[in-house]
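What follows draws every value from the coordinates through simple rules; no lab data is involved. No experiment lies behind these values; they were computed from the predicted model shown. As a convention, Cβ positions derive from the backbone with ideal geometry for all residues, glycine included, and neighbour counts pool all protein chains shown.
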Amino acid sequence: MSHRHGGAPEQHRSYAPESVGCSLLTVSDSRTLENDSAGSLIEAALAGAGHRIERRAIVRDEAEGIRAAVREGIESPEVDAVIVCGGTGVAPRDVTPEAVGPLLEKRLDGFGELFRALSFAEIGTAAMLSRALAGVAGRTAVYVMPGSSAAAKLGVERLILPELTHLVGQLRRSG
């Protein structure tokens with residue numbers, strides 16, 4: 001029996017909202033809102049798809065500040081998704097995965113796996129240095145990806161936007 005028509009994914013998508021509220025955080029010691037090209041690209045893609053940007057901020061490469069900013073988004077009733085770009089590499093100041101990971105109740109390992117697979121097709125083996133990740137905290141989706149414009153474009157267009165409303169719809173049904 002085929003599960004292509006009328007199966008669980010289609011039924012689950014029926015619960016999806018048309019628009020979700022997003023908190024967009026860029027982790028950087030040097031960027032400002034004016035020169036944050038990756039953040040601007042993500043904001044434009046989300047808004048273009050009909051989603052609301054409830055908050056956009058630059059956060060320094062410090063675990064406590066990153067964790068506090070992500071937690072603020074998770075706790076905000078207007079925010080359905082927190083999207084963080086930057087600080088996912090292996091340099092000493094790259095602490096975003098360590099800051100965000102403990103906040104996640106459920107990890108969505110497929111996000112990081114797919115992100116690295118798609119990145120590999122574009123940049124080769126350097127993709128393995130990305131520590132992109134995603135998960136769920138309460139009723140909030142949380143995405144963490146590299147801070148380059150190419151990574152932001154790949155993450156938001158190929159992975160986040162195609163499933164964002166589906167994921168948020170599922171989270172709203174839980175509990």
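What the phi angles of the range 30-39 give under the Karplus curve with 6.51, -1.76 and 1.60, with θ = phi - 60°, is a coupling list of 10, 7, 10, 4, 6, 10, 8, 5, 5, x Hz, glycine and proline written as x.
Computed from backbone phi, the HN-Hα couplings of the range 53-61 come to 9, 7, 7, 9, 8, 9, 10, 5, 6 Hz, rounded to whole numbers (Karplus: 6.51 cos²θ - 1.76 cosθ + 1.60, θ = phi - 60°; Gly and Pro given as x). Taking amide H as placed 1.01 Å from N in the peptide plane, Ile53 has its amide H under 5 Å from the amide H of Cys22, each at least 5 places away in sequence or on another chain.
A cut-off of 5 Å between modelled amide H atoms, ignoring neighbours fewer than 5 places along the same chain, links Thr88 with Gly147.
Comparing Cα centroids, the range 73-150 and the range 16-67 end up 13 angstrom apart. Tally the DSSP beta bridges in the chain and give the antiparallel ones as a percent, rounded to 5. If we restrict to bridges inside the chain, about 30 percent are antiparallel.
Which angle between 0 and 90 degrees, to the nearest 10, do you get for helix 63-75 versus the longest principal axis of the chain when only C-alpha atoms count? Roughly 30 degrees between the two axes.
Here, the range 20-173 yields an orientationally averaged convex hull projection of 8.0 nm² when only Cα atoms define the hull.
With neighbour counts taken as other beta-carbon atoms within 10 Å, the residues Ser30, Ser37 rank, fewest first, as Ser30, Ser37.
In the range 98-153, inverting the average of 1/r over every pair of distinct C-alpha atoms gives 11.7 Å as the Kirkwood radius.
In what order do Val27, Val156 fall by count of nearby beta-carbon atoms within 10 Å, going from fewest to most?
Working: Val27 29, Val156 25.
So the ranking, lowest neighbour count to highest, is Val156, Val27.
At 222 nm, what helix-only mean residue ellipticity would the chain give, in deg cm²/dmol to the nearest 500, using -39500 (n - 2.57) for each DSSP H run of four or more?
Details: 7 runs with 70 residues, N = 175.
Result for the chain: -11500 deg cm²/dmol, rounded to the nearest 500.
3J(HN,Hα) along the range 100-113, derived from phi through the Karplus expression 6.51 cos²θ - 1.76 cosθ + 1.60 where θ = phi - 60°, amounts to 8, x, x, 7, 7, 7, 9, 8, 10, 4, x, 4, x, 5 Hz, with x in place of Gly and Pro.
Axis angle, to the nearest 10 degrees, between helix 161-173 and the longest C-alpha principal axis of the chain: 70 degrees.
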